[in-house]
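The values are calculated or read from the model by the stated rules, or taken from the named source; none is laboratory data. What you see is a predicted model; the values in this text were computed from it and never measured. Note: ideal-geometry Cβ built from the backbone for every residue, glycine included; neighbour counts use all protein chains shown. To get the accessible areas, we keep the full protein, side chains included, count just its heavy atoms, and leave off ligands, DNA and RNA. Shrake-Rupley method; radii C 1.70, N 1.55, O 1.52, S 1.80 Å.
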Amino acid sequence: MLVSNAGLKQTKQTHEDFHHSAKTEFHNNGVTIISGKNLSSGIDGNTSFKRFSTYWNDLEPDQYMNDEGVYRQRRFGCFRYNSDSSTLSLVKNKTGFFQSHEINELNGGRSRKFAPVSELFAKDNILNDVVNQCLKIVPVKKAQLESLTINTHLIRIICDSKIVGLPTPEGIHRDGHCFVSQHLINRSNVYGGVSGIYNSKNEPLVHYQLSRFMDTILVNDLIVKHDVSPVYSADKINEGFRDMLIIDYNFS
């Protein structure tokens, strides 16, 4: 393991200490793993978890799976970032998402239009807080923030006795953005789903299973790759699911 996982240490760090250690780790390795508790003091409560996780109960099937898989549901939202107020504003009517075939060999090479996120999700303080916490860790200058565009992907991977869920059916890959933050929302009746981070030669740097609300992997998408192992129904009978919030950071 080449990363220290400093962000996962259960110590009484100040927010300044936490951000400093995570920022150093991210600079040195292109990745840092962060516990949900450390990501933000305002999102760890049970009430916040219950409210925020309900957005994942209203996703729509992904119609663009070239492997004919029926295991992925999702919604999509594009936001502009206001650097003066440190807030997000939804870019309405923008639901198209494009990745080149070189980036995504399975589903890339065409514009994919997904169901939009709800107005409630777009205005949720948890989303805004998560973005701001991540922006304190990635190497970004204030001038860049003025051109920051953020994509949010609400994704549920399902599995049952007959369906194996594939979080990354394209295998080890990059997403084609500057930075990407991967946040666990919920796991229910599943095993598997181990996140892997790799260098440019596909050599493994770290494998880690996100397990609690808002456990996070933040990656420099320009220098590292990632994947996630399949998820299976834990009781081999009933449906299970793994819910993730994926956030792309780009500077136009």
Charge tally for neighbours of N29 with beta carbon under 14 Å away, counting Lys, Arg as +1 and Asp, Glu as -1, is -1
Carbon plus sulfur, as percent of the 1.4 Å-probe accessible area of region 160-252, comes to 52
Each label sits 7 Å from Cα toward the beta-carbon; between S252 and L145 the label points are separated, in nm, by 1.9
Quick calc, N28 & E203: beta-carbon distance into FRET formula, R0 25 Å, rounding 0.05, result 0.95
Stretched fully, the stretch from V194 through S86 gains (0.36 nm per residue minus C-alpha distance, one decimal, in nm) 35.6 nm
Expressed to two decimals, region 103-252 has a Cα Rg over Rh, using the Kirkwood radius, of 0.97
